[in-house]
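Bear in mind these aren't lab numbers, they're just calculated from the coordinates by the rules spelled out. Predicted model, so just to flag it, every value in this text is computed and none were measured. With ideal geometry, Cβ positions are generated from the backbone for all residues, glycine too; neighbour counts draw on all protein chains shown.
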Amino acid sequence: MPDKPIDTWKTVDDFFAEALVAPDSELDAAVTANRKADLPAIDVTPLQGKFLELMIRGTSASRVLEIGTLGGYSTIWMARAVGSGGQVVTLELDPHHAEVAQRNFKQANVDDRIELRLGPASESLAALVAEKSAPFDFIFIDADKSGYPDYIRRCLSLSRPGTLIIADNVVRDGKVIDPDDPDPNIRGVRRFTELVAAEPRLSTTVLQTVSSKGYDGFAISIVLP
Ligand code: SAH
Ligand code: DHB
Ligand code: MG
């Protein structure tokens, strides 16, 4: 057994990923393309991608919204999960990330069911509300953590009772518990937590996670009737 916790987490992550996630040339190619294009290695892990897939299939979601595309690794997992009749709308600020993602979507043959909207997520969300977009069944929040308070408010306008909302990276190595941390990402996650706690339309829990990418967690909310 490796003695540093992060090494143990990585070894165990690899063990379960190898046992449970089938080898997949399209997903592997997306990760390789992302690293080649110098995108930060902050894609969800394979086991977490599969977690998103299971949540989507388990709720029969067919309209999915993602905030924060990066190279689209998580997007491909979710686009497969919604099936050929489903749709994923994914929001990305950085044109380089968006370009890499679009290539990955084509290569994985899911570009027909993904709509990527380029620009600040708050503006894209406002546009979706203004367009009277049909409600989403499942929402994955994974962009800048400082924006989470704004995103959760806007997501409520794009939801229906039963919509499942998962927000990534709410633990941040445990930094979330420090009320004086000046990092806007930490402040964002703390404010997000206050908002979901006070929001009568949401019921929320948090799952702390460890993985090859360290110590973090998901906030999981359901929109109440
Ligand atoms: N969901 C991806 C990882 C997303 S990383 C995956 O698991 O594969 C976070 C992404 O959010 C980055 O690509 C970053 O450029 C984007 N982002 C940051 N600020 C943003 C904003 N204000 N609006 C939209 N996207 C933003
Ligand atoms: C960061 C962002 C993420 O979405 C993630 O999964 C891990 C780290 C970051 O900005 O550091
Ligand atoms: Mg993340």
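Of K50/K213; K10/K36; K106/K145; K4/K145, which sit over 24 Å apart, Cα to Cα?
As for pairs spanning more than 24 Å Cα to Cα, those are K106/K145; K4/K145.
Dipole of region 5-223 (Lys/Arg Cβ +1, Asp/Glu Cβ -1, origin at the Cα centre): which of S203, I6, A41 lies farthest to the positive side?
So the residue furthest toward the plus end is S203.
Using the Cβ atoms and a cut-off under 13 Å, what net charge is assigned to the surroundings of D168, where Lys and Arg are +1 and Asp and Glu are -1?
-2
Report the local net charge at F136: Lys and Arg +1, Asp and Glu -1, summed over other residues whose C-beta lies under 11 Å from its C-beta.
Overall, the nearby charge balance is 0.
Check T209: other-chain or 5+ apart residues with amide H under 5 Å from its amide H, H built from backbone geometry?
Those lying under 5 Å, H to H, from T209 are D216, G217, F218.
Considering only DSSP beta bridges with both partners in the chain, what is the antiparallel share in %, to the nearest 5?
45 percent
With the Cα gyration tensor of region 1-143 giving a ≥ b ≥ c as the square roots of its eigenvalues, does the rule (a/c under 1.5 for rounded; else a/b larger than b/c for prolate; else oblate) give rounded, prolate or oblate?
Verdict is prolate for region 1-143.
Of G58, G49, G188, which is the most mobile in a GNM of the chain whose springs link Cα atoms less than 10 angstrom apart?
Its mean-square fluctuation being the largest, the pick is G58.
Net charge within 11 Å of A121 by Cβ-Cβ distance, Lys/Arg positive one each and Asp/Glu negative one each, not counting A121 itself?
-4
Can you list the HN-Hα couplings for region 108-114, worked out from phi with the Karplus curve (6.51, -1.76, 1.60; θ = phi - 60°), rounded to whole Hz and with x for Gly and Pro?
8, 6, 10, 5, 5, 10, 10
Using only alpha carbon pairs under 8 Å that are at least six residues apart, calculate the relative contact order of the chain and give it in whole percent.
Over the chain, the number comes to 18 percent.
Mind running the shape call on region 128-225? Use the C-alpha gyration tensor, a ≥ b ≥ c as the square roots of the eigenvalues: rounded below 1.5 for a/c, prolate if a/b tops b/c, oblate otherwise.
Prolate, since a/c reaches 1.5 and a/b exceeds b/c.
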